[in-house]
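The values are calculated or read from the model by the stated rules, or taken from the named source; none is laboratory data. Predicted, not measured: the structure shown is a model, and the values here were computed from it. Note that we place each Cβ from the backbone using ideal geometry, even for glycine, and neighbour counts take in every protein chain shown.
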Amino acid sequence: MFLDISLLNLDPSDPTQVGVLGSIYNILTIIPSLSLSIRRLHDVNKSGWNLLWILTIIGAFYILYLHIIKGSDGENKYGAPSET
């Protein structure tokens, strides 16, 4: 948003203006963010479809919990853990 305001001379007091650079950034980062979240759910032996729980208030806390806990040891139904 800061770049949009400074480079495109947008009015910072008008929240209805859409910044082009911010929109491009959001589009470019949403797919990698989703894939990382799904991979993390696979690390704790949960399906990627569980990410849809984030659309509910209580489910957002559940997804946060699943992202925080330690992943399962060894191989699970989604494959072997990464070597990183």
Being more than 18 Å from LEU34 (Cβ to Cβ) and in a loop (DSSP other than H, G, I, E, B) is the filter here; which residues of segment 66-81 pass it?
ILE69, LYS70, GLY71, SER72, ASP73, GLY74, GLU75, LYS77, ALA80, PRO81
Taking the condition of being under 11 Å from the mean Cα position of the chain (by Cα) and of a type in the set (Lys, Arg), how many residues in segment 40-84 meet it?
1
Single match in ILE27, ILE63, ILE38, ILE54 (criterion: at pLDDT 85 or above, surrounded by fewer than 10 Cβ atoms within 10 Å (Cβ to Cβ) and in a helix (DSSP H, G or I))
ILE27
Residue identified as of a type in the set (D, E, K, R), at pLDDT 85 or above and touching a Gly at 6+ places or on another chain (Cβ under 6 Å) among ASP4, ASP43:
ASP43
Which residues, counting only those in segment 66-78, are under 11 Å from ARG40 (Cβ atoms) and exposed (fewer than 12 other Cβ atoms within 10 Å of the Cβ)?
ILE68, ILE69
